[in-house]
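A quick write-up on the structure given underneath.
The values are calculated or read from the model by the stated rules, or taken from the named source; none is laboratory data. Just so you know, these numbers come straight off a predicted model, no measurement behind them. For neighbour counting, all protein chains shown are included, and Cβ atoms are generated from backbone atoms with ideal geometry for every residue, glycine included. Only protein heavy atoms, including side chains, enter the accessible area calculation; ligands, DNA and RNA are left aside. Shrake-Rupley method; radii C 1.70, N 1.55, O 1.52, S 1.80 Å.
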Amino acid sequence: QVQVVESGGGFAQSGGSLRLSCEASGSIWRFKDMTWYRQVAGKERELVATVDGGGKANYTDSVKGRFTISRDDGKNTAYLQMNNLKPDDTAVYYCAAQVVLRYSALTVLEWGQGTQVTVSS
(Lines give C-alpha, C1' and ligand atoms only; values in the text may rest on other atoms or scores of the structure.)
Protein backbone atom coordinates (compact mmCIF):
# COMPACT_ATOMS: atom_id res chain seq x y z
CA GLN A 1 0.00 0.00 0.00
CA VAL A 2 2.89 2.35 0.74
CA GLN A 3 6.33 2.47 -0.82
CA VAL A 4 9.30 4.38 0.50
CA VAL A 5 12.26 5.12 -1.74
CA GLU A 6 15.53 6.76 -0.73
CA SER A 7 17.80 8.56 -3.14
CA GLY A 8 20.79 10.88 -3.11
CA GLY A 9 23.47 8.59 -1.77
CA GLY A 10 26.86 8.31 -3.37
CA PHE A 11 30.48 9.26 -2.83
CA ALA A 12 31.83 12.32 -1.10
CA GLN A 13 35.16 13.48 0.17
CA SER A 14 35.71 14.26 3.82
CA GLY A 15 34.23 17.69 4.47
CA GLY A 16 31.83 17.40 1.57
CA SER A 17 28.05 17.31 1.46
CA LEU A 18 25.26 15.07 0.28
CA ARG A 19 21.49 15.41 0.43
CA LEU A 20 19.35 12.33 0.86
CA SER A 21 15.68 12.21 -0.07
CA CYS A 22 12.98 9.85 1.14
CA GLU A 23 9.81 9.81 -0.92
CA ALA A 24 6.70 7.87 0.03
CA SER A 25 3.87 6.96 -2.27
CA GLY A 26 0.64 5.04 -2.03
CA SER A 27 -2.42 5.17 0.12
CA ILE A 28 -1.21 7.92 2.45
CA TRP A 29 -3.34 10.16 4.58
CA ARG A 30 -0.57 11.82 6.56
CA PHE A 31 2.78 11.20 8.21
CA LYS A 32 3.82 11.03 11.82
CA ASP A 33 7.54 10.65 12.53
CA MET A 34 10.00 10.35 9.71
CA THR A 35 13.38 8.95 10.66
CA TRP A 36 16.76 8.33 9.08
CA TYR A 37 18.86 5.37 10.22
CA ARG A 38 22.21 4.11 9.07
CA GLN A 39 23.94 0.78 9.22
CA VAL A 40 27.48 -0.40 8.70
CA ALA A 41 27.97 -4.03 7.75
CA GLY A 42 28.29 -6.15 10.85
CA LYS A 43 26.93 -3.47 13.16
CA GLU A 44 23.49 -2.61 14.47
CA ARG A 45 21.31 -0.07 12.74
CA GLU A 46 21.73 3.38 14.28
CA LEU A 47 19.16 6.16 14.50
CA VAL A 48 20.59 9.28 12.88
CA ALA A 49 17.80 11.84 12.93
CA THR A 50 14.05 12.02 13.33
CA VAL A 51 11.45 14.70 12.70
CA ASP A 52 7.92 14.58 14.09
CA GLY A 53 4.70 15.86 12.58
CA GLY A 54 5.23 19.29 14.11
CA GLY A 55 8.68 19.61 12.61
CA LYS A 56 10.64 19.00 15.81
CA ALA A 57 13.93 17.30 15.04
CA ASN A 58 16.29 15.19 17.10
CA TYR A 59 19.73 13.95 16.19
CA THR A 60 22.25 11.46 17.40
CA ASP A 61 25.19 13.25 19.01
CA SER A 62 27.70 12.36 16.31
CA VAL A 63 25.82 14.30 13.62
CA LYS A 64 24.58 17.31 15.58
CA GLY A 65 25.59 20.53 13.88
CA ARG A 66 26.40 18.73 10.63
CA PHE A 67 23.18 17.04 9.52
CA THR A 68 19.73 18.59 9.10
CA ILE A 69 16.51 16.63 8.74
CA SER A 70 13.48 18.23 7.16
CA ARG A 71 10.18 17.22 5.61
CA ASP A 72 7.77 18.41 2.96
CA ASP A 73 4.46 16.72 3.62
CA GLY A 74 2.99 18.17 0.44
CA LYS A 75 5.54 16.12 -1.48
CA ASN A 76 5.43 13.13 0.90
CA THR A 77 9.18 13.55 1.22
CA ALA A 78 11.76 13.80 3.97
CA TYR A 79 15.32 15.02 3.50
CA LEU A 80 18.64 14.62 5.24
CA GLN A 81 21.16 17.33 4.44
CA MET A 82 24.59 16.07 5.40
CA ASN A 83 27.42 18.59 5.63
CA ASN A 84 31.02 18.30 6.75
CA LEU A 85 30.90 14.58 6.09
CA LYS A 86 33.42 12.30 7.77
CA PRO A 87 34.62 8.80 6.85
CA ASP A 88 32.72 7.50 9.92
CA ASP A 89 29.49 8.58 8.20
CA THR A 90 30.00 5.85 5.62
CA ALA A 91 27.01 3.52 5.84
CA VAL A 92 23.79 2.46 4.19
CA TYR A 93 21.17 5.04 5.08
CA TYR A 94 17.56 3.98 5.54
CA CYS A 95 14.41 6.01 5.83
CA ALA A 96 11.52 4.90 8.02
CA ALA A 97 8.18 6.66 7.70
CA GLN A 98 5.27 6.38 10.12
CA VAL A 99 2.33 6.57 7.76
CA VAL A 100 -1.31 6.97 8.62
CA LEU A 101 -3.13 5.11 5.88
CA ARG A 102 -5.92 6.63 3.92
CA TYR A 103 -9.36 5.06 4.48
CA SER A 104 -8.36 2.86 7.43
CA ALA A 105 -6.46 5.47 9.48
CA LEU A 106 -4.13 2.71 10.64
CA THR A 107 -0.54 3.72 11.37
CA VAL A 108 2.18 1.62 9.76
CA LEU A 109 5.96 1.88 9.70
CA GLU A 110 7.39 1.63 6.23
CA TRP A 111 11.08 1.26 5.38
CA GLY A 112 12.97 2.12 2.26
CA GLN A 113 15.55 -0.11 0.65
CA GLY A 114 18.50 2.03 1.71
CA THR A 115 21.03 4.17 -0.10
CA GLN A 116 24.80 3.85 0.23
CA VAL A 117 26.85 6.81 1.42
CA THR A 118 30.63 6.52 1.15
CA VAL A 119 32.94 9.21 2.48
CA SER A 120 36.62 9.09 1.63
CA SER A 121 39.34 10.62 3.76
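Quick notes on this one:
- Search result, residues across the stretch 102-114 that are at positive phi and modelled with pLDDT of 95 or more: GLY114
- Unique match (being in contact with a helix residue (DSSP H, G or I) (Cβ under 8 Å, 6 or more places away or on another chain) and surrounded by 13 or more Cβ atoms within 10 Å (Cβ to Cβ)) among GLU23, GLU6: GLU23
- Residues within the stretch 68-96 that are in contact with a Ser or Thr (Cβ under 8 Å, 6 or more places away or on another chain) and open to solvent by 70 Å² or more (accessible area, probe 1.4 Å), tallied: 3
- Taking each residue of the stretch 2-28 that is closer than 23 Å to LEU109 by Cα and of a type in the set (A, V, I, L, M, F, W, C) and looking for partners that are open to solvent by less than 20 Å² (accessible area, probe 1.4 Å) and not in a strand (DSSP E or B) with beta-carbon atoms closer than 9 Å, six or more apart or interchain, yields VAL4/GLY112; VAL5/GLY112; CYS22/GLY112; ALA24/GLY112.
- You will find that of VAL117, VAL99, VAL63, VAL51, the residue that is buried (at least 21 other Cβ atoms within 10 Å of the Cβ) and modelled with pLDDT under 95 is VAL99 and no other.
- Scanning the stretch 23-40 for any residue that is of a type in the set (Asp, Glu) and under 11 Å from the mean Cα position of the chain (by Cα) turns up at least one such residue.
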